[in-house]
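Engineer: Before anything else, here's the structure in question.
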Amino acid sequence: MIRDIEPLTVEAFGPFGDVIEATPSAQNFSINYGNTHRFHDLAKVDVNNGGGRAGISIFRSTPLPMPISIRLLERHPLSSQAFFPLSPHPYLVVVAPPGDLDEKAIRVFLVQPGQGVNYHPGTWHHFCLALEAESDFLVVDRIGQGNNCDEFLLKTPFSIELQ
């Protein structure tokens, strides 16, 4: 089975987390004596559960061969996890709502350069799916004790093919 790919929008991605991007609709204002424009509070970072703290990392992702085979999803029950691209390439996001994994509810989004995502705690997702070239992502997530990563092998794996 091949899944449809949707463009990433705030409305479509809302059940899974936050879209991180500098748009006119975001709360924004001038700072630093007019030399900087701040796009304010774009994602709800939630990492304190169980004594966790925020950590900033860089993930370097290599594109997978087409069609991309989706066999598993993961979730972070104790925290959010934010990804923002540092490379000028689009990428794919595969998500499903929190709770028991409903494979019929899996959605695939095409994310453009300059757009990031913040998965809410417990949101099922695939690891980074870089397209076109090796890509770096700035990641903000929880550092701390406890198991904060559950993986689930799909009963019905599927493929993603870009046109």
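Engineer: Test of understanding: among Ser61, Ser25, which residue is in contact (Cβ under 8 Å) with a residue 24 or more places away in the chain, over 23 Å from Asp102 (Cβ atoms) and among the hydroxyl-bearing types (Ser, Thr, Tyr)? Can you show your working first?
Structural biologist: On the way: Ser25 fails: in contact (Cβ under 8 Å) with a residue 24 or more places away in the chain.
Step by step, each of Ser61, Ser25 is checked, and only Ser61 is in contact (Cβ under 8 Å) with a residue 24 or more places away in the chain, over 23 Å from Asp102 (Cβ atoms) and among the hydroxyl-bearing types (Ser, Thr, Tyr).
Engineer: In addition: Can you go through Ala12, Ala22, Ala54 and tell me which one is surrounded by 12 or more Cβ atoms within 10 Å (Cβ to Cβ) and assigned to a loop (DSSP other than H, G, I, E, B)?
Structural biologist: None of the others qualify; the one that does is Ala22.
Engineer: Restricting attention to region 79-93, which residues are under 22 Å from Asn148 (Cα atoms) and surrounded by fewer than 22 Cβ atoms within 10 Å (Cβ to Cβ)? Show your work before the answer.
Structural biologist: In the first step, residues of region 79-93 are kept if they are under 22 Å from Asn148 (Cα atoms); the result is 79-84, 93.
The answer is Phe84, and nothing else.
Engineer: In region 101-118, what count of residues is obtained for those that are farther than 12 Å from Asp18 by Cβ, in contact (Cβ under 8 Å) with a residue 24 or more places away in the chain, not acidic (Asp, Glu) and not in a loop (DSSP other than H, G, I, E, B)?
Structural biologist: First, the residues of region 101-118 that are farther than 12 Å from Asp18 by Cβ: 101-114.
Those left that are additionally in contact (Cβ under 8 Å) with a residue 24 or more places away in the chain: 101, 103, 106-114.
Next, only the ones that are not acidic (Asp, Glu) stay: 101, 106-114.
Now narrow it down to the ones that are not in a loop (DSSP other than H, G, I, E, B): 107-111.
The qualifying residues number 5.
Engineer: Being out of contact with any Pro (no Cβ under 8 Å at 6 or more places or on another chain) and assigned to a helix (DSSP H, G or I) is the filter here, so list the residues in region 25-51 that pass it. I'd like the intermediate steps shown before the answer.
Structural biologist: Of region 25-51, the ones out of contact with any Pro (no Cβ under 8 Å at 6 or more places or on another chain) are 25-45, 47-48, 50-51.
The answer is Asn32, Tyr33, Gly34, Gly50, Gly51.
Engineer: While we're here: Within region 133-143, can you find the residues that are assigned to a loop (DSSP other than H, G, I, E, B) and either in contact with a strand residue (DSSP E or B) (Cβ under 9 Å, 6 or more places away or on another chain) or under 22 Å from Asn49 (Cα atoms) (or both)? Steps first, please.
Structural biologist: Of all residues in region 133-143, those assigned to a loop (DSSP other than H, G, I, E, B) come to 133-134.
Within region 133-143, just Glu134 meets the criteria.
Engineer: Quick check on my filter: what residues within region 115-137 are farther than 18 Å from Leu8 by Cα and out of contact with any His (no Cβ under 8 Å at 6 or more places or on another chain)?
Structural biologist: Across region 115-137, the qualifying residues are Glu134, Asp136.
Engineer: His76 passes all but one of (1) in contact with a helix residue (DSSP H, G or I) (Cβ under 7 Å, 6 or more places away or on another chain); (2) under 17 Å from His126 (Cβ atoms); (3) not acidic (Asp, Glu); which number fails?
Structural biologist: Failed condition: (1).
Engineer: Consider Gly146 carefully, then state whether it is surrounded by fewer than 16 Cβ atoms within 10 Å (Cβ to Cβ), touching a strand residue (DSSP E or B) at 6+ places or on another chain (Cβ under 9 Å), at positive phi and not in a strand (DSSP E or B). Working first, answer last.
Structural biologist: Values: surrounded by fewer than 16 Cβ atoms within 10 Å (Cβ to Cβ): yes; touching a strand residue (DSSP E or B) at 6+ places or on another chain (Cβ under 9 Å): no; at positive phi: yes; not in a strand (DSSP E or B): yes.
No; evaluated as a whole, the condition is false for this residue.
Engineer: Test each condition in (1) closer than 22 Å to Asp141 by Cβ; (2) touching a strand residue (DSSP E or B) at 6+ places or on another chain (Cβ under 7 Å) for Ile31 and report the one that comes out false.
Structural biologist: Result: Ile31 passes all but (1).
Engineer: Condition test on Asp41, is it surrounded by 12 or more Cβ atoms within 10 Å (Cβ to Cβ) and of a type in the set (Asp, Glu)? Let's see the steps before the verdict.
Structural biologist: On the way: surrounded by 12 or more Cβ atoms within 10 Å (Cβ to Cβ): no; of a type in the set (Asp, Glu): yes.
Against the criterion (surrounded by 12 or more Cβ atoms within 10 Å (Cβ to Cβ) and of a type in the set (Asp, Glu)), Asp41 does not qualify.
Engineer: From the list Pro121, Pro63, Pro98, pick out the single residue that is surrounded by 13 or more Cβ atoms within 10 Å (Cβ to Cβ), part of a loop (DSSP other than H, G, I, E, B) and within 12 Å of the chain's Cα centre (by Cα). Write out each step before concluding.
Structural biologist: Details: Pro63 fails: within 12 Å of the chain's Cα centre (by Cα); Pro98 fails: within 12 Å of the chain's Cα centre (by Cα).
Being surrounded by 13 or more Cβ atoms within 10 Å (Cβ to Cβ), part of a loop (DSSP other than H, G, I, E, B) and within 12 Å of the chain's Cα centre (by Cα) holds for just one of Pro121, Pro63, Pro98, which is Pro121.
Each value in this text was obtained by applying a stated rule to the coordinates, not by laboratory testing. Not measured: the values here are computed from a predicted model. Methodologically, a virtual Cβ is constructed for each residue, glycine included, from the backbone with ideal geometry; neighbour enumeration extends over all protein chains shown.
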